[in-house]
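Novice: First the structure, then my questions, so here it is.
The values are calculated or read from the model by the stated rules, or taken from the named source; none is laboratory data. Being a predicted model, the structure only gives us computed values, none of them experimental. Positions of Cβ are generated from backbone atoms using ideal geometry, with glycine treated the same way; all protein chains shown enter the neighbour counts. Heavy atoms of the whole protein, side chains included, go into the accessibility calculation; ligands, DNA and RNA do not. Shrake-Rupley method; radii C 1.70, N 1.55, O 1.52, S 1.80 Å.
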Amino acid sequence: MKRIIYLLILFPIFIYSQTKVLPFKNGESCSYHIHYGILGGGNADYIISQNKEETKVILEGESNYFVDLFFMIRDRYETVINNSTVSPKYFKRDIIEGEDEIHQEYFFDNKSNIVKTHKGDFEMVQNSQDMLSAFMYGRTFSSKYLKQKEPFYINLFIDEENYKMEVRYLGTEIVNTEIGKIKCIKLSPKVQVGRVFSNEDDLTIWVSDDKNHILIKIEMGILVGSIEVDIISSKNIKFPLSITD
């Protein structure tokens with residue numbers, strides 16, 4: 001389950017758009033179950049608090065009692081974004097994964113394209129997102145854009161580095177979940193080989209084919225097997241979900 005919460009945050013970043021209509025509201029939350037085949041691994045949840053100027057998102061995840069016996073995970077991510085530009089202002093990451101701990105705090109200066117961190121100041125590519133703000137930014141994109149035939153790209157600032165990610169549209173599918181059968185857009189982002197993945201095409205995600213574009217499902221092949229992430233609940237969603245039953 002190592003880096004699973006890290007990956008969960010990255011999945012929605014693979015979406016891109018030019019609209020700034022916010023498809024989320026104060027009090028929205030979703031929960032996910034993470035498992036290896038028939039074995040449960042843990043859970044992750046996010047919640048949104050919003051005012052007229054800013055949106056704050058907190059994502060937390062933890063391994064279950066069984067996984068804790070050999071690899072405990074306690075992860076927490078936080079971002080604050082500007083509602084007008086859907087760009088990050090602040091990002092914090094505190095994670096414990098086995099014997100590893102990571103603590104990061106970023107302050108984004110979007111006018112000068114500088115990110116201030118505890119390791120120093122770094123230049124970022126214009127309109128870059130952090131790991132969690134991208135989760136929200138991607139949701140502003142239109143379904144029409146997501147369904148284009150040509151690959152599209154997202155600029156990210158992750159682990160004090162700039163990263164450009166390619167994403168391909170794979171079609172639409174009905175995904176059976178605990179909250180109903182949901183019509184989804186299927187996407188394949190190219191991932192970085194080495195840290196978690198053995199191949200750049202080892203990741204597939206499904207987002208709801210509606211104005212919300214919330215994350216519904218993830219399938220990934222990793223260095224030590226395969227993992228699936230499924231939505232199990234949602235609250236205070238702004239628009240109707242694309243539930244077909």
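Novice: Could you compute how fast segment 40-166 diffuses translationally, taking Rh as the Kirkwood radius over C-alpha pairs and applying Stokes-Einstein at 25 °C with viscosity 0.890 mPa s? Give it in µm² per second.
Specialist: For these conditions, the coefficient is 153 µm²/s.
Novice: For segment 77-164, what is the accessible area per residue in Å², given a 1.4 Å probe and the full set of protein chains?
Specialist: Computed with neighbouring chains in place, this is 48 Å² per residue.
Novice: Take the Cα atoms of segment 64-136, build their convex hull, and give its volume per residue in Å³.
Specialist: Cα convex hull per residue, to the nearest whole number: 90 Å³.
Novice: If packing is taken as the average count of other Cβ atoms within 10 Å, what order do 132-140, 69-77, 92-100, 182-190 fall into, highest mean first?
Specialist: 132-140, 182-190, 69-77, 92-100
Novice: Accessible area of segment 18-144 with a 1.4 Å probe: how many percent of it is carbon plus sulfur?
Specialist: 53
Novice: What residue among Asn64, Ile95, Val175 has its Cα farthest toward the positive end of the dipole of segment 37-186, where the charges are +1 on Lys, Arg and -1 on Asp, Glu, each on the Cβ?
Specialist: Going by the charge dipole, the pick is Val175.
Novice: Here is the link list: Lys111/Lys147; Lys149/Lys190; Lys89/Lys116. Which ones come out longer than 20 Å on Cα distance?
Specialist: Beyond 20 Å: Lys111/Lys147.
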